[in-house]
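Notes to accompany the following structure.
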Amino acid sequence: MRLIDQQYLETPFYGSRKMTVFLQSQGYQVNRKRVQRLMREMGLFVIYPRPNTSKAQPAHQVYPYLLRGLPISSANQVWCTEPEIFNSDQGAQFTATAFINCLKAAKVNISMDGRGRCHDNIFIERLWRSLKLIYLKSFENGQHLTREVKQWFHWYNQIKPHQGLEYKTPNQVYCDNLKDVNVKS
């Protein structure tokens, strides 16, 4: 229970599944039911942001969806926030004139999901949903915030095992994919 409490202070967004994996990685032979019971006894409940964060601005220009029928088969083929294709939902943060002008100046192809295409950006949406948990902290200034966000991204990509990646880190999966591409070349 001490270790659960200690880890919960670091990652209050860990539910019983992630906490079980964490405890098992520390050498403890526990199952999810036991962790659920212990967390319930300790009054520990997962903290997570609520959905509905990307509301479309009614007056924005809608760009064509460029990923339809495009097989995504290798690392670095399409990025959610990098050139050469910028694919996003139609949230106001992505349709603001200043933002669109930056993309156009960099000669980036703009692609926007239509209704019912939420799965195209599901991974980046999950990432931003997780990052919003940084709101649980307070920051002295912008530099402190920047440092904490960098530290969080290091943890998310290098240390945190992801259930959807068979409890590997994103970096492990990315590097494995690059190895596979290099072997085939």
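General observations
- Extension gain, GLN158 back to GLN143 (0.36 nm per residue minus Cα-Cα distance, nm): 3.2 nm
- In plain terms, the residue of MET42, MET112 with the fewest other Cβ atoms within 10 Å comes first and the most crowded comes last, giving MET42, MET112.
- Nearest-0.05 FRET efficiency for GLN77 and GLU166, computed from C-beta distance (R0 30 Å): 0.90
- Quarter the surface of the alpha carbon convex hull of the stretch 137-185 and you get the mean projected area, 4.7 square nanometres.
- Separation in nanometres of the label points that stand 7 Å from Cα toward Cβ, at LYS107 and MET42: 5.5 nm
- When each of LYS33/LYS137; LYS33/LYS132; LYS18/LYS132; LYS132/LYS160 is checked by Cα-Cα distance, pairs over 22 Å: LYS33/LYS137; LYS33/LYS132
- Within the same chain, aspartates and glutamates fewer than 8 places from LYS107 are excluded, and of the rest, those with a Cα less than 20 Å from its Cα are GLU82, GLU84, ASP89.
- Spin-label pair GLU84/LYS132, simplified geometry with 7 Å Cα→Cβ offset, distance in nm: 3.4 nm
- With a Förster radius of 45 Å applied to the beta-carbon distance between LEU3 and GLN93, the computed FRET efficiency rounds to 0.70.
- The value of relative contact order for the stretch 59-113, using C-alpha pairs under 8 Å at least six residues apart, is 47 percent.
- Pairwise Cα distances in the stretch 1-47 exceed 11 Å in 62 percent of cases.
Where a number appears in this text, it was derived from the coordinates with a stated rule and is not lab data. Since the model is a prediction, treat every value here as computed from it, not as a measurement. Note: ideal-geometry Cβ built from the backbone for every residue, glycine included; neighbour counts use all protein chains shown.
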